[in-house]
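The values are calculated or read from the model by the stated rules, or taken from the named source; none is laboratory data. Here the structure is a predicted model, which means the values were calculated and not measured. Note that each Cβ is placed from the backbone with ideal geometry, even for glycine, and that neighbours are counted across all protein chains shown.
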Amino acid sequence: MVDFSNIDYNRVQYVTNRKLKNKEKEETGSIMMFSYDRETFYFKMKCPFCGSNQEGEEHFTRKPYYVLCKNCGKKSRIEKLNKK
């Protein structure tokens, strides 16, 4: 797995660290995710549905991004952040 303490931020094209909502819209999960090429993404996640902690690698071809929990099988949508 990826060592999140050694990310090369000079090469990163996407990075996020945010809360994830369950079906009741409560922020019970979280995700840290980054990519060097906007195709392969590395993540650490706490599932908002079952609370399982996991990390992995996903390949996305388009937005919105969805990360699948390997424990409960539910998908978490990585919401677009609003412009402020």
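Could you check the range 21-42 and list, in sequence order, the residues that are assigned to a strand (DSSP E or B), in contact with a Ser or Thr (Cβ under 9 Å, 6 or more places away or on another chain) and under 18 Å from F60 (Cα atoms)?
I31, M32, M33, F34, F41, Y42
Any residue at all in the range 21-31 that is hydrophobic (A, V, I, L, M, F, W, C), modelled with pLDDT of 95 or more and surrounded by 12 or more Cβ atoms within 10 Å (Cβ to Cβ)?
yes
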Can you spot a residue in the range 24-37 that is closer than 17 Å to P64 by Cβ and more than 14 Å from the chain's Cα centre (by Cα)?
-> yes
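Of the residues K70, K46, which single one is within 21 Å of L81 (Cα to Cα) and not hydrophobic (A, V, I, L, M, F, W, C)? Please lay out each step first, then the result.
Numbers: K70 fails: within 21 Å of L81 (Cα to Cα).
Just one listed residue meets the conditions, K46.
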Show the residue pairs that are 6+ apart or on different chains and have beta-carbon atoms under 7 Å apart, the first residue being within the range 69-81 and farther than 15 Å from G56 by Cβ, the second being not in a loop (DSSP other than H, G, I, E, B).
-> R77/Y66
Pick from the range 43-84 the residues that are of a type in the set (S, T, Y) and not in a strand (DSSP E or B): which of them is surrounded by the fewest Cβ atoms within 10 Å (Cβ to Cβ)?
-> T61
